[in-house]
Amino acid sequence: MLAQVEQQSLPFPSSTIIELLETTMVYKFPLLSRQEIAEMLGLAESIKETRVYQEGLETGLEQLLGREQTLVLKLLSRKVGQLPPKLESQIQALPLEELEELAEALLDFSTLDDLSAWLHKNNPGQ
């Protein structure tokens, strides 16, 4: 079926049809993962290029970042006391990789000064 879609000259992109077909399959086979559906349709690699996949990935990464920020802020509060709003804002502005580094480093902190020094060293622009 996908080969036919690829070969047809249609007034809209074949990627639109593929996304529609994929979405329909997801609803028709709720017990299958997107990966299994992609393999079934022969789209294992091209599924990663679809808008649906990209939006899902972006949403997942945003949720991950939010949860990690919340966890790091809670751990820091328990470790060094209540954080001033300025430091909290700096932490919330960190990209995921630096947030993960901070999560490890905070185990060695004992004061707010330790946190401030780490932020200054690892994020000098702030």
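FYI, it's all coordinate maths here, none of it is from the lab. Since the model is a prediction, treat every value here as computed from it, not as a measurement.
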Under 20 Å from residue 48, Cα to Cα: aspartates and glutamates that are on another chain or at least 8 residues apart: 6, 19, 22, 36, 39, 58, 62
Qualifying lysines (Cα of each under 22 Å from Cα of residue 79; at least 8 residues distant if same chain): 121
Cα-based radius of gyration of the stretch 13-126 once divided by 2.2 N^0.38 Å, which approximates compact folds: 1.55
Debye intensity ratio in log₁₀ form over the Cα atoms of the stretch 65-122, taken at each q of 0.20, 0.24, 0.31 Å⁻¹: -0.63, -0.96, -1.79
